[in-house]
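Asks: Here's a structure for you.
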Amino acid sequence: MKIVFATHNQHKLEEVQALLPPTIKLLSLTEIGCTEEILETASTLEGNAKIKANYITNTYGYDCFADDTGLEVTALNGDPGVYSARYAGDHADAEVNMDKLLANLKGISDRKAQFKTVVILNLNGKQSVFEGVCKGEILSERQGVKGFGYDPIFKPEGFSASFAQMSMEEKGRISHRGKAIQQLVQFLKSL
């Protein structure tokens with residue numbers, strides 16, 4: 001089965017492909033010729049994932065799934081949340097976003113946080129929703145060089161390493177995206 005994963009992010013594509021059985025081959029937006037930016041204008045993770053999935057299905061005619069992920073920090077009332085990718089501005093990269101988050105948490109002892117991923121699947125004319133959460137805390141400084149986004153400053157509950165210190169396989173077993181994708185895989189296997 002070939003299915004579009006509505007992303008241009010090669011790291012995300014590789015991470016998700018590693019979680020899928022070899023019978024499911026992912027196609028990226030680049031591979032289907034989608035070069036336009038799909039604006040994420042919803043106020044929720046689920047809403048943004050729906051925008052992307054529906055755009056690909058309606059515009060390109062593919063079965064696909066899309067995700068949106070947010071880092072929700074308790075002491076910051078759930079911020080950056082739906083704005084995680086553009087926390088420090090529309091053109092900010094992961095380093096600038098992490099710098100802003102660490103600055104906003106300076107002097108705050110409650111560093112509890114969670115990553116949340118919502119996946120929307122459009123398959124055979126039906127839409128399904130899958131959600132994964134990984135609880136943890138924000139570290140006071142970067143640790144590790146693997147992964148992407150906020151991985152160097154997020155330590156999952158029950159672990160001594162940040163996401164950026166874990167292998168892709170280890171992170172995939174416990175991460176928010178991994179949990180949501182595992183639900184997606186179980187769903188696809190049940191068809």
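Asks: Quick one: accessible area per residue over region 37-107, 1.4 Å probe, rounded to a whole number of Å²?
Replies: With the other protein chains kept in place, region 37-107 gives 51 Å² per residue.
Asks: Where does helix 94-104 land angle-wise versus the long Cα axis of the chain, in degrees 0 to 90, nearest 10?
Replies: 40
Asks: Which net charge results for the neighbourhood of Ala92, defined as the other residues with beta-carbon distances under 13 angstrom from its beta-carbon, given Lys and Arg at +1 and Asp and Glu at -1?
Replies: Neighbourhood net charge equals -2.
Asks: As an exercise, take the mean of 1/r over every pair of distinct alpha carbons in region 1-86, invert it, and state the Kirkwood radius in angstroms.
Replies: For region 1-86, inverting the mean 1/r across all distinct Cα pairs yields 13.8 Å.
Asks: Given a cut-off of under 8 Å on Cα pairs at least six residues apart, what relative contact order in percent is computed for the chain?
Replies: The value is 18 percent.
Asks: Per residue of region 174-191, what does 6.51 cos²θ - 1.76 cosθ + 1.60 with θ = phi - 60° give for ³J(HN,Hα)? Whole Hz please, x for Gly and Pro, Karplus curve as stated.
Replies: 10, 6, 3, 5, x, 5, 5, 5, 4, 5, 4, 4, 4, 4, 5, 5, 7, 6
Asks: Run through region 30-93 and list the trypsin sites (Lys or Arg not before Pro) located in a DSSP loop whose Cβ has at most 16 other Cβ atoms within 10 Å.
Replies: none
Asks: For region 1-92, with all protein chains present and a 1.4 Å probe, just round the carbon and sulfur fraction of the accessible area to a whole percent.
Replies: The computed percentage sits at 50.
Asks: Grab the other residues whose beta carbon is less than 13 angstrom from that of Leu188, score K and R as +1, D and E as -1, and report the net.
Replies: Neighbour charge sum, excluding Leu188 itself: +3.
Asks: Here is a follow-up. Relative contact order, percent, of region 126-191 when contacts are C-alpha pairs under 8 Å separated by at least 6 residues?
Replies: 33
Asks: So which GluC sites (Glu not before Pro) in region 86-190 end up in coil per DSSP with only 13 or fewer other C-beta atoms within 10 Å?
Replies: Passing sites in region 86-190 are Glu141, Glu157.
Asks: While we're on this one: Starting from the Cα-Cα distance between Asn58 and Gln127, subtract it from 0.36 nm times their residue separation and give me the gain in nm to one decimal.
Replies: Extending this stretch completely gives an extra 23.6 nm.
Asks: Anything over 22 Å Cα to Cα? Flag those among Lys146/Lys171; Lys135/Lys189; Lys2/Lys146; Lys2/Lys135; Lys2/Lys155, in the order listed.
Replies: Where the Cα-Cα span goes over 22 Å, the pairs concerned are Lys135/Lys189; Lys2/Lys146; Lys2/Lys135; Lys2/Lys155.
Asks: Give the dimensionless ratio obtained when the Cα radius of gyration of region 116-188 is divided by 2.2 N^0.38 Å.
Replies: Region 116-188 yields a ratio of 1.23.
Asks: Where the centroid of each part is defined by its Cα atoms, how far is region 1-31 from region 146-191 in Å?
Replies: Region 1-31 and region 146-191 have Cα centres spaced 15 Å from each other.
Asks: Considering only Ser84, Ser43, Ser140, give the residue with the highest GNM mean-square fluctuation for the chain, with springs between Cα atoms whenever their separation is below 10 Å.
Replies: Evaluated over the chain, the most mobile residue of the options is Ser43.
Asks: With each run of n ≥ 4 DSSP H residues scored as -39500 (n - 2.57), what mean residue ellipticity at 222 nm is computed for the chain after dividing by its residue count and rounding to the nearest 500 deg cm²/dmol?
Replies: Roughly -9500 deg cm²/dmol at 222 nm, from the helical runs in the chain.
Asks: From the phi angles alone, apply the Karplus equation (6.51, -1.76, 1.60; θ = phi - 60°) to region 149-160 and give each ³J(HN,Hα) in whole Hz, x where the residue is Gly or Pro.
Replies: x, 7, 3, x, 10, 10, 10, x, 3, x, 10, 9
The values are calculated or read from the model by the stated rules, or taken from the named source; none is laboratory data. Just so it is clear, the model here is predicted, and its values are computed rather than measured. Heads up, the Cβs are rebuilt from the backbone with ideal geometry, glycines too, and the neighbour counts pull from every protein chain shown. Protein only, heavy atoms only, side chains kept; ligands, DNA and RNA dropped before computing areas. Shrake-Rupley method; radii C 1.70, N 1.55, O 1.52, S 1.80 Å.
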